[in-house]
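All remarks here apply to the structure that follows.
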Amino acid sequence: MESCPCGASQPYSECCEPFILGVNPVPTAEALMRSRYTAYTRCEVDYILRTTHPNQRNQDSETNIRQWAQKSVWHGLNILNIIGGGSEDSAGTVEFIAEYTENDERVSHHELAEFKKENGTWFFWDGGPPKPKQFIRPTPKTGRNDPCSCGSGKKFKKCCG
């Protein structure tokens, strides 16, 4: 049995295939994210377009999606965080990293994807980069007039600063 490309540890026939073929409705935003990733790996462009919200479908052409999906070599999907997007929710956000190779360059695509559910159907709404995490310095910053950390006895600004 062929394992599902989405990484959910299930056979493709029991995981994403029923969604892609339209046999089962997608129950959650995460399931839609996983099935869309799988659709890219299998070049199922109709599914990608069908699961994009109707108001957002003009963002890219079928030809561009197909060419990108075909020329990419897909390595894996890692779901990092899910906010909302459950079967009872009307919106959800999935943070993920998709690994692929394009033009002999390995890419780690990190995205925060937004999903909306309308009339019982989940749709991809939009995606973008996650907000950068604030850097927290592990030790106090050395001030210009503090003694230099090298032990010279001079002020930092006159020594290593």
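As a summary of the residue check, Phe123 satisfies the conditions (1) touching a residue at least 24 places away in the same chain (Cβ under 8 Å); (2) within 20 Å of Trp74 (Cα to Cα) except for the one numbered (2). Within the option set Glu102, Glu95, Glu111, being touching a residue at least 12 places away in the same chain (Cβ under 8 Å), within 23 Å of Asp46 (Cα to Cα) and surrounded by 14 or more Cβ atoms within 10 Å (Cβ to Cβ) holds for one residue only, Glu111.
For segment 79-91, a tally of residues being part of a strand (DSSP E or B) and either over 12 Å from the mean Cα position of the chain (by Cα) or surrounded by fewer than 15 Cβ atoms within 10 Å (Cβ to Cβ) (or both) returns 5. Does at least one position in segment 106-126 carry a residue that is of a type in the set (S, T, N, Q), in a strand (DSSP E or B) and either at pLDDT 90 or above or more than 29 Å from the chain's Cα centre (by Cα) (or both)? Yes, some residue in segment 106-126 is of a type in the set (S, T, N, Q), in a strand (DSSP E or B) and either at pLDDT 90 or above or more than 29 Å from the chain's Cα centre (by Cα) (or both).
Yes or no: Val94 closer than 12 Å to Leu32 by Cβ, touching a strand residue (DSSP E or B) at 6+ places or on another chain (Cβ under 9 Å) and part of a strand (DSSP E or B)? For Val94, the condition - closer than 12 Å to Leu32 by Cβ, touching a strand residue (DSSP E or B) at 6+ places or on another chain (Cβ under 9 Å) and part of a strand (DSSP E or B) - is met.
Annotation note: Cβ proximity below 7 Å between a residue of segment 1-28 that is within 23 Å of Ser90 (Cα to Cα) and a residue that is acidic (Asp, Glu) and at pLDDT 95 or above (sequence gap 6+ or interchain) occurs for Ile20/Glu44.
The values are calculated or read from the model by the stated rules, or taken from the named source; none is laboratory data. These numbers were taken from a predicted model, which means no experiment stands behind them. Don't worry about glycine lacking a Cβ; one is built from the backbone with ideal geometry, like all the others, and counts go over all protein chains shown.
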